Amino acid sequence: MSESDSFIDEVTEEVRRDRLFAFLRRYGWIGILGVVLIVSGAGYVEWQKARAEARAEAFGDAVLAAMEAEDRAAALAAVPADGAQVAVVRLLAAAEGTPGPETLAGLQALASDTALPANLRALAQIKAVLLAGDAMTPAVRDATLAELAMPGAPFRGLAMEQQALALLADGQRDAAIALARQILQEPELTAGLQQRVTQLIVALGADPAAN
């Protein structure tokens, strides 16, 4: 390579470098701003997560403290809550309160509140059925339990248990046993429900493992 070619290459490199520096001086702030926004956004998301976790922990601690109080219903009513937490508190309060029309109406209001998660509405329906007892007509009870016992429903097993007990109360022993055995085949069966249903089948003089 001649000296002239080397000189031309050096000049060309200097020109490129000058253009790059000029570009960075003119538009480099955009990249810096982008980095700042990304870092700030990530920090804000983490702050939101930490805040939500802190609120959830505070709510859980308040509920646990209320459940240990002498007057649980009054203590639960005083728990600070918003959104779905209100439904949780009202459901727990209903479990502690005196069964009656007012409590039943509150549960039914929760069950029909479409702003709440489906699992909380279903839980309110189950609790309403248990609380109402004979005050709920068989037709309404059966329709409610049929909806709650649909495949994929969050409390399908509990609803099926109530259906089996309703069949037994109506004198349909064999149908109650058959449904109880079906409950034992549910994929998400809890240990408590499995024990209750097994005891029911044995108490009716049947074999839980039989088909």
Restricting attention to the range 99-111, does a residue exist that is outside any loop (DSSP other than H, G, I, E, B), farther than 27 Å from Asp71 by Cα and either in contact (Cβ under 8 Å) with a residue 12 or more places away in the chain or acidic (Asp, Glu) (or both)?
no
Identify all residues within the range 90-121 that are β-branched (Val, Ile, Thr) and modelled with pLDDT of 75 or more; write none if there are none.
Thr114
Within the bounds of the range 159-177, is there any residue that is under 24 Å from Gln85 (Cα atoms) and of a type in the set (Gly, Ala, Ser)?
yes
Would you mind finding the one in Gln194, Gln185 that is free of Cβ contacts under 8 Å to residues at least 24 places away in the same chain and outside any helix (DSSP H, G or I)?
Gln185
Condition met for Gly133 (more than 15 Å from the chain's Cα centre (by Cα), modelled with pLDDT of 85 or more, in a helix (DSSP H, G or I) and of a type in the set (Gly, Ala, Ser)):
no
Only unsatisfied item for Ala175, checking (1) small (Gly, Ala, Ser); (2) on the phi < 0 side of the Ramachandran plot; (3) under 27 Å from the mean Cα position of the chain (by Cα), is (3)
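The values are calculated or read from the model by the stated rules, or taken from the named source; none is laboratory data. Here the structure is a predicted model, which is why all the values come from computation and not from measurement. No Cβ is skipped: glycine too gets one built from the backbone with ideal geometry, and neighbour counts run over all protein chains shown.
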